[in-house]
Amino acid sequence: MSTEKPLTTGEIADLCHVHLRTVLQWVHDGKIKAYRTPGNHSRIKVEDFIAFLKQYNMPIPDSLATRGEGRKILVVDDDVNMASAIKRLLKRENFYEVDVAYDGFEAGIKLLLFKPDLVILDMKMPGMNGFEVAQKIKRSANCEHTKIIGVSAYFEPEDKEKLAQIGVTVCLDKPFNSAEMADKVKTLLGVASS
């Protein structure tokens, strides 16, 4: 649930460079989702405004680019094709910033520099495997709120239990269903489904 301060129709008019009457008309026509205050004023949630902008292919103002639905995701997979496929899937949504690491060591560096909200982590990598990376993420003070989705072509029965103990709540088998991956990402990041 968003705790961000809602936007007024006047703020939206300024952000869209249109007249206030235009925004009021959008609200009246149901093009932009709004609610009424007890004083009979319209207020629009940031995520509803961003959804409206995306629906009508309007640019998202820089001041909102890091607010609302915008989230950082780090994809960690030694398979370049798989990492690219996951990145493409996530980039279809306009509000994710996505970076890729191809091994556990690179993931450690990017965790510090990129500070992702979510890590999509391949469990079976050479060198530092996904279990070790997940443990490092969950033990790191600056990553305590980072969510993890574990992916693997083959999970042993005890693997998912071991991951749950580390704090990984979602595990997906490769090849995974793209829609399921997108839904799990949205759920973990608290992003409203479009």
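The values are calculated or read from the model by the stated rules, or taken from the named source; none is laboratory data. Just so you know, these numbers come straight off a predicted model, no measurement behind them. A quick note on method: Cβ atoms are made from the backbone with ideal geometry, for glycine too, and the neighbour counts reach across all protein chains shown. Heads up: the accessible areas ignore ligands, DNA and RNA and are worked out on the full protein's heavy atoms, side chains in. Shrake-Rupley method; radii C 1.70, N 1.55, O 1.52, S 1.80 Å.
Quick notes on this one:
- Measuring nothing but protein heavy atoms, the accessible surface of the chain at 1.4 Å probe radius is 52 percent carbon and sulfur.
- Rounded to the nearest whole Hz, the Karplus-based 3J(HN,Hα) values (6.51 cos²θ - 1.76 cosθ + 1.60, θ = phi - 60°) of segment 149-160 follow the sequence 10, x, 10, 7, 6, 8, 9, 5, x, 7, 4, 5, with x at glycine and proline.
- Qualifying lysines (Cα of each under 22 Å from Cα of residue 91; at least 8 residues distant if same chain): 54, 72, 110, 115, 147, 174, 184, 186
- Computed packing ranks the peptides 140-148, 76-84 as 76-84, 140-148, most packed first, by mean other Cβ atoms within 10 Å.
- Computed FRET value (nearest 0.05) for residue 153 with residue 54, which takes r as the C-beta separation and R₀ as 35 Å: 0.55
- Tensor-based shape of segment 11-121 (alpha-carbon gyration tensor, a/c under 1.5 rounded, otherwise prolate or oblate): prolate
- Just checking the listed ones, 172, 112, 90: in the Gaussian network model of the chain with Cα springs under 10 Å, the one fluctuating most is 112.
- Site pair residue 164 and residue 139 shows an inter-label distance of 2.3 nm when each label is modelled 7 Å from Cα along Cα→Cβ.
- Between residue 24 and residue 180, residue separation times 0.36 nm minus the direct Cα-Cα distance comes to 52.5 nm.
- Of 30, 154, 112, farthest towards positive along the dipole that unit charges on Lys, Arg, Asp, Glu beta carbons give the chain: 30
- For residue 7, the residues whose modelled amide H falls within less than 5 Å of its own, excluding neighbours fewer than 5 places apart on the same chain, are 44, 45, 46.
- In range of the label at residue 17: residues from segment 34-58 whose backbone nitrogen is under 15 Å from the point 7 Å along Cα→Cβ: 58
- Distances between placed amide hydrogens fall under 5 Å for residue 147 paired with 118, 119, all partners being 5 or more residues away or on another chain.
- Accessible area per residue in Å² at 1.4 Å probe, computed on the chain: 57
- For the residues 175, 116, 157, a GNM of the chain with alpha-carbon springs under 10 Å puts the largest fluctuation on 157.
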